[in-house]
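> Take a look at this one; I'll ask things after.
The values are calculated or read from the model by the stated rules, or taken from the named source; none is laboratory data. Since the model is a prediction, treat every value here as computed from it, not as a measurement. Glycine gets a Cβ as well: all are built from the backbone with ideal geometry, and neighbour counts include every protein chain shown. Surface areas here come from the heavy atoms of the whole protein model, side chains and all, with no ligands, DNA or RNA. Shrake-Rupley method; radii C 1.70, N 1.55, O 1.52, S 1.80 Å.
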Amino acid sequence: MFSLSSDRKELNVGFLMAAQACFSATSMTFIAFAGLAGAMIAPEPALATLPISLAMIVVAISTAPLSVLMQKYSRKGVFLACAVAGIFGALLAALGVYLQDFLLFCLATLLIGPYQASAAYYRFAAGESVAPSRAPRAISLVLIGGIFAALLVPSGNEFFNELFLPHTFMGAFVFSSAVAALALIPLLLVRRRDSEENQAGENDPSVAHEPPRPLSVVVRQPAFATAVANGALGYAMMVFVMTATPIAMVEFCGFASSTSTQVISAHVIAMFLPGLFTGNLIMRFGVLPIMLTGHCLFAVAFITALSGIQLANFSVALIALGIGWNFCFVGGTTLLTTLHRPNEKGRVQGLNEMLVFGSTALASLAAGVILRYFGWVVVNQAAFVMLAIAALITIYWGLRHKTKPVAVS
């Protein structure tokens, strides 16, 4: 066993950023084209977003077991195994499109789900690779990998989709498989730390040898609900609107699929570009102002989307949606890392991710149904309801509990 030097820890953040870039390219392509492919081959148009929802359900189910496996064995091994599952899942999705088999296409998402579930822990692994005071910056830096994905995805999808014509959208999933395979390289380079217990002693010797508390004790902390509200509802709002956007643009508004992909690309850049400074903003101003700013940006997104169905409306709404997600998600993640001891992280992070992706699965499924039967306006009105809940929980915590120190013992 060995300990990572400071330089090695920084390299881990870089490797995880590269892995995040590859994952984001796969995820972005899946979001942009799974609904369109589903609408083309599904027996009922309202089921168009079912593949995305199934992936989110698998993510929600697998996040907790994966977290426990990571704590028992290693993050690196689980990351690699799930990336391999993502490779084969994307290839199976391509085969489903080729055969026009909606059931096979849906089954493919059962393999893509674990890949997404494991990638959700890249940010936690980065935060653990550095000193606690630098964790917000490491978490936000890993998310910057999504910027490279946003730059790569439009041209990559266009090339592969044209390559596999006349099988519409098949190339997008072949492309997804290829970039998932590329993720294996940085993941293989990630260096393992000693043990979680050893790092616990480095960060806070007072809790290094204390037994883990019951999960109910951690969950009852007022800040836990705030962390989950910003992580889970922030993610749900983002996926709810983002999932519906390509279908609304192409099927209802007559835009080309390439145009919707460009809008999604701008959205992804907006999701991850703030990673350059979100961590620094949290360290300077605190987590509460950043999360509340994220709520304001979500409101801007929904108001813009409700104002019209021109390209500018979709573009501005999705950009504001992306930045709002970044502020809420990084803020919620940072807050969560202050609420548990290292020997509790498997259960606490697993519960958080299950709630995040469980709500996201419901949101993605509801997006297709609501869009189909009630329209784009109702999609954004429903998103406002989720925003109100997240904002009220955050404001309540800020007013009643922010002055109290958040302890880990």
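> Among the residues of the stretch 233-265, write down those that are at pLDDT 90 or above and open to solvent by 10 Å² or more (accessible area, probe 1.4 Å).
LEU233
> For a quick check of your reading of the model, give me the residue pairs whose first member lies in the stretch 2-23 and is modelled with pLDDT of 90 or more, whose second is in a loop (DSSP other than H, G, I, E, B) and crowded, with 22+ Cβ neighbours inside 10 Å, with beta-carbon atoms closer than 7 Å and at least 6 apart or on different chains.
Listed by first residue and then by second, the contacts come to PHE15/VAL190; LEU16/VAL190; ALA19/ALA183; CYS22/ALA183; PHE23/ALA183.
> Collect the residues in the stretch 168-191 that are in a helix (DSSP H, G or I) and open to solvent by 60 Å² or more (accessible area, probe 1.4 Å), keeping them in residue-number order.
Within the stretch 168-191, LEU182, ILE185, LEU188, LEU189 qualify.
> Scan the stretch 149-167 for residues that are over 21 Å from the mean Cα position of the chain (by Cα) and either among the aromatic types (Phe, Trp, Tyr) or surrounded by fewer than 17 Cβ atoms within 10 Å (Cβ to Cβ) (or both) and jot them down.
Once the filter is applied, which keeps residues that are over 21 Å from the mean Cα position of the chain (by Cα) and either among the aromatic types (Phe, Trp, Tyr) or surrounded by fewer than 17 Cβ atoms within 10 Å (Cβ to Cβ) (or both), the stretch 149-167 yields SER155, GLU158, PHE159, PHE160, GLU162, LEU163, PHE164, LEU165, PRO166, HIS167.
> Looking at TYR115, TYR121, which is the one that is modelled with pLDDT of 90 or more and on the phi < 0 side of the Ramachandran plot?
TYR115
> Quick one: would you say ALA42 is small (Gly, Ala, Ser), within 27 Å of GLU158 (Cα to Cα) and within 18 Å of the chain's Cα centre (by Cα)?
Considered against the rule, which asks whether it is small (Gly, Ala, Ser), within 27 Å of GLU158 (Cα to Cα) and within 18 Å of the chain's Cα centre (by Cα), ALA42 comes out as no.
> Could you count how many residues in the stretch 270-298 are touching a residue at least 40 places away in the same chain (Cβ under 8 Å) and assigned to a helix (DSSP H, G or I)?
Number of matching residues: 20.
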